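Report on the following structure.
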Amino acid sequence: MTTFLSGIQPSGRPHLGNYFGAIRQHVASQEEDGEHFFFIADYHALTTVQDAEALRSNVREMAATYFALGLDPKRAVFFRQSDVPQVTEITWLLSCVTGMGLLERAHSFKDKTAKGIKPSVGLFTYPILMAADILAYDSTIVPVGKDQVQHVEMAQDMAGHFNAAFDSQVFVRPEYRLPETDALAKVPGSDGEKMSKSYGNDLWIFETGKRLKKAVGRILTDSRDPSEPKDPAGVLLVDFLALFLEDKELNEWREKIREGGANAPGYGHLKVRLIEAWEETFAPARARFEEYLADPAALDATLLVGAERARERASGVRDRAYLACGLR
Ligand code: AQP
């Protein structure tokens with residue numbers, strides 16, 4: 001049986017990277033046979049969001065976003081991470097079989113500290129909590145963006161270490177699944193670096209009107225003249241257009257940029273097309289998002305139903321693990 005599982009942090013509003021790298025895959029996976037578990041990683045978000053009201057509101061926004069984008073809570077178990085205490089119990093078991101060296105090699109931790117983010121112990125041990133999230137549901141496929149590949153590999157290592165230490169087969173080995181292209185697996189932010197909430201270069205998927213215009217205006221360009229022939233691979237706006245446009249149209253833009261001359265589009269033209277395609281892609285979901293958000297009690301109730309199903313699964317796995325290591 002295939003078991004899909006993935007999570008997303010309510011550390012801010014979901015951005016284009018979250019959508020094209022992860023959320024779209026999560027929703028699409030519902031069409032595949034198997035079980036589906038998706039969760040809002042509120043414990044993880046505590047490493048960056050330390051404001052109770054903001055966290056509560058981010059969780060509801062994230063739930064409304066998923067439902068608006070097509071997640072069906074009848075087909076998928078959709079829940080809040082902190083509603084499943086078995087995950088933190090499994091976290092402790094995994095931390096006892098995980099070497100410090102493994103965590104010290106985590107790219108995400110190194111990138112964040114290199115960018116000046118002050119690390120807490122929680123940020124350092126984040127991969128252990130993430131491994132517990134994955135292993136607690138016997139997950140076999142974890143659809144993620146490229147930045148999370150190493151964390152899934154660490155979960156594989158931790159599962160192997162635990163099973164070997166206690167001569168058991170408690171944890172199932174998970175495999176990651178990336179979106180179909182590299183452009184989707186690592187979406188750039190407005191500065192050309194990986195789009196990330198904590199880097200301040202992220203663009204909210206449901207931005208619209210003047211705010212969308214302003215957000216697109218922040219995407220890095222240079223001062224080269226439109227008529228100058230350019231390699232489209234070096235034009236950040238083209239990477240953004242690639243997220244939205246069909247190949248045929250995208251290639252026409254690329255060709256005009258490469259040729260230069262009087263008919264070549266300026267960055268302003270690319271921005272206008274991007275805004276138009278963006279509005280077209282997300283407008284229907286944005287309207288549904290507003291509707292879901294208008295009923296917070298219903299969102300909370302749906303999350304609690306998911307949590308009950310998630311706890312049931314995770315407690316079976318926790319019991320297996322406790323038994324294997326002598327805690328029962
Ligand atoms: N730029 C990206 N391109 C493709 N996929 C991405 N993901 C994140 N950024 C990109 C994928 O989104 C899922 C959920 O991510 P997350 O919010 O749980 O954590 P993250 O990867 O750390 O995302 P951020 O925005 O970078 O959050 P902060 O800055 O708060 O840590 C994952 O599957 C991720 O791969």
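The values are calculated or read from the model by the stated rules, or taken from the named source; none is laboratory data. Remember, predicted model here, so these are calculated numbers, not experimental data. Backbone-built Cβ (ideal geometry, glycine too); neighbour counts: all protein chains shown. With ligands, DNA and RNA removed, areas are computed over all heavy atoms of the protein, side chains included. Shrake-Rupley method; radii C 1.70, N 1.55, O 1.52, S 1.80 Å.
Ranked by solvent-accessible area (1.4 Å probe, protein heavy atoms only, all chains present), the residues Cys96, Cys325 order from largest to smallest as Cys96, Cys325.
Counted over the stretch 163-213 with a bin width of 5 Å, the fraction of Cα pairs per bin, in whole percents, is 5, 14, 13, 15, 13, 8, 8, 10, 7, 4, 2, 1.
Within the listed set Ile128, Ile257, Ile205, the residue fluctuating most in the Gaussian network model of the chain (springs between alpha-carbon atoms under 10 angstrom) is Ile257.
How much of the accessible area of the chain, probe 1.4 Å, is carbon plus sulfur, in whole percent? Display every interim value, and only then the final one.
Numbers: 7840 of 15310 Å².
In the chain, the share of accessible area belonging to carbon and sulfur is 51 percent.
Ordering 149-162, 9-22 by mean Cβ neighbour count within 10 Å, with the highest value first, yields 9-22, 149-162.
Largest first, what is the accessible-area ranking of Ile90, Ile141 with a 1.4 Å probe? Please report the intermediate quantities before stating the final value.
On the way: Ile90 0, Ile141 35 Å².
I get Ile141, Ile90, largest accessible area first.
Summed over the residues of the chain and divided among them, the accessible surface reaches 47 Å² per residue at a probe radius of 1.4 Å. Here the stretch 1-137 is treated with +1 on each Lys and Arg Cβ and -1 on each Asp and Glu Cβ, and its dipole about the Cα centre works out to around 460 debye. What is the Cα centroid distance between the stretch 202-244 and the stretch 312-328, reported in whole angstrom? Cα centroid of the stretch 202-244 versus Cα centroid of the stretch 312-328: 50 Å apart.
Taking amide H as placed 1.01 Å from N in the peptide plane, Glu35 has its amide H under 5 Å from the amide H of Thr2, Thr3, Phe4, each at least 5 places away in sequence or on another chain.
Any idea what the alpha-carbon Rg over 2.2 N^0.38 Å comes to for the chain? Kindly include the intermediate steps, with their values, before the conclusion.
Details: Rg = 21.2 Å, N = 328, 2.2 N^0.38 = 19.9 Å.
Expressed relative to 2.2 N^0.38 Å, the Cα Rg reads 1.07.
So, with +1 on the Cβ of K and R and -1 on the Cβ of D and E, and no other charges, what is the size of the charge dipole of the chain about its Cα centre, to the nearest 20 debye?
Working: 39 positive and 47 negative charges, 140 e Å.
Approximately 680 debye in magnitude.
Rg and Dmax of the stretch 30-163, based on Cα coordinates, read 15.4, 43 Å. When Lys and Arg each count +1 and Asp and Glu each count -1, what net charge do the other residues less than 13 Å away from Glu89, Cβ to Cβ, add up to? Residues near Glu89 contribute +2 overall. Farthest toward the positive end of the dipole of the chain, out of Leu129, Phe171, Ala314, is the Cα of Leu129, where the dipole comes from beta carbon charges about the Cα centre.
Return the tail of the calculated pair distribution for the stretch 204-248, meaning the percent of Cα-Cα pairs more than 16 Å apart. Distances greater than 16 Å cover 51 percent of the Cα pairs.
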